[in-house]
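One structure is given below, encoded as structure tokens.
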Amino acid sequence: MTETELAESTMTETELAESTRNTAALERPAASLVPTLAGHWYTDPAIFAAEQERIVEAGWVCVALAADLDAPGAYRTVQVGRESVVVVKGRDRAIRAFFNVCRHRGAQLCVEPAGQVRNKLQCPYHAWTYDLTGKLIAAPNLTEMPDVDRVVNGLAAVAVREWLGYVWVCVAPEPPSFEDEVIGAVVTRLGDVESIDHYGVENLRLARRISYDVRSNWKLIVENFMECYHCATIHPELTEVLPEFADGYAAQYYVGHGAEFGAAVEGFTVDGSAGHARIPTLDDAQDRKYFAITIRPGVFVNLVPDHVIVHRMTPVAADRTLVECDWLFLPEVVESGADVDRSVELFHRVNSQDFAACERTQPAMSSRVYANGGNLVPSEHHIAEFHHWVRARLSPPR
Ligand code: FES
Ligand SMILES: [Fe+2]
């Protein structure tokens, strides 16, 4: 996008400075209402393409649960912005990621979302064959082409990290610091990294996964997750469990703050009944509390005493986002076949309520009434910092 397009797209610099200032300090701002992004930021394919390139493809994206790749040869095909990526477990049990592009003439190696190979990835077009480290190991007539370097012509690697039991990839040639971008987001929210370490997320097991196909722009979903002004209106079950949410102040509003369970609430379940065994490594201060973390652009982590809920978003169009939500419990809870329905039902309802609200909002983004955007109330002012973050990433220079 050109600078002019960007300038026309959104708040003026003065408005932005104002909203950012309001966000930085949590004291009462000069004005109650701070502008949102203009409507076309949620509908314009050019902005969506710029976000794919300069946000999704430029940063770390959480693409799979490491346990989804359990055996050597297990792979997942995932979309990272405009790039298709294959994530595969090697014979050495290391997880690697490659661009899903055959180095011969570009056919996609894997088209299934997940699968299992023995020890190689073979292109179905002319049968160029790669081992699980990406090296070219066979091709028709390859012995007649001794000058072909098997590493140079091997699969193009994508940067990989494992954290919280998840596989994170970055398709950028020079990935930004994982510590700053991903772990830093958690530290900014919780105050330190030990607070999340206590949940031992990497030791938890997947008990349930629900996928949502949301007809809204990904930013509406992030903004919704960041605020709780809507909690009293659309989340009756959640506000029953976390009464302070009825006041409209999200747990994310304050560094290190967790929302406390109501006095009569026994667990983070749809009816407040008891949940499951508490994660034993938690601090007492983390008991009976809910913490929410946004790791931009597309991960939400929700921490409660007996389980962890992880949302991963994949923007697919300006008005469509896929969300995969995992519920993770202690291994003994999952292995015992304990009934986790009431736990899962609480956040599944929250998700359904939130996504319905986002879908209700999306059509109005193209209304002439919303051409200059809407308003953030004081308990939403911190969302302006997210808008600033998006704008800064899309603004030249690269
Ligand atoms: S395109 Fe893959 S082998 Fe030819
Ligand atoms: Fe919500």
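Values in this text are rule-based calculations from the coordinates and carry no lab data. This is a predicted model, so every value here is computed, not measured. Methodologically, a virtual Cβ is constructed for each residue, glycine included, from the backbone with ideal geometry; neighbour enumeration extends over all protein chains shown.
Points to keep in mind about this one:
- For segment 193-384, the square roots of the Cα gyration tensor eigenvalues, ordered a ≥ b ≥ c, give a/c of at least 1.5 with a/b greater than b/c, which places it in the prolate category.
- Sequence-separation-based contact order of segment 193-384, relative, with Cα cut under 8 Å and 6+ spacing, percent: 30
- Length-normalised contact order for segment 61-170 - Cα pairs under 8 Å, 6+ apart - percent: 28
- Farthest toward positive dipole pole in the chain [+1 Lys/Arg, -1 Asp/Glu at C-beta], among 63, 358, 261: 63
- Residue separation of residue 49 and residue 392 scaled by 0.36 nm, minus their Cα-Cα distance, works out to 121.9 nm of gained length.
- Unpartnered cysteines - no second Cys beta carbon under 4.7 Å - across the chain: 62, 110, 170, 325, 358
- Gyration tensor (alpha-carbon) shape descriptor, the chain, a/c threshold 1.5: oblate
- Mean separation of Cα contacts under 8 Å (6+ apart) over length of the chain, as relative contact order %: 22
- For segment 193-384, a crude dipole built from +1 on the beta carbon of Lys and Arg and -1 on the beta carbon of Asp and Glu, taken about the Cα centre, is about 860 debye to the nearest 20.
- 13 Å Cα-Cα reach of residue 135 towards aspartates and glutamates, excluding residues that sit fewer than 8 places from it in its own chain: 149
- Approximate spin-label separation residue 156-residue 211, in nm, with each point projected 7 Å along Cα-to-Cβ: 2.6
- Spin-label proximity, residue 82 to segment 310-329 - amide N less than 15 Å from point 7 Å beyond Cα toward beta carbon: 316-318
- By average C-beta atoms within 10 angstrom, highest first, the peptides 354-363, 160-169: 160-169, 354-363
- Cα→Cβ-extended label distance, 7 Å offset, between residue 108 and residue 247, nm: 4.9
- Nearby aspartates and glutamates by direct alpha-carbon distance to residue 289 (threshold 12 angstrom, same-chain neighbours under 8 apart not counted): 244, 260, 266, 306
- Distance cut-off 25 Å, percentage of C-alpha pairs in segment 61-170 lying past it: 17
- The label-point distance for residue 31 and residue 371, in a model that sets each label 7 Å from Cα toward Cβ, rounds to 1.9 nm.
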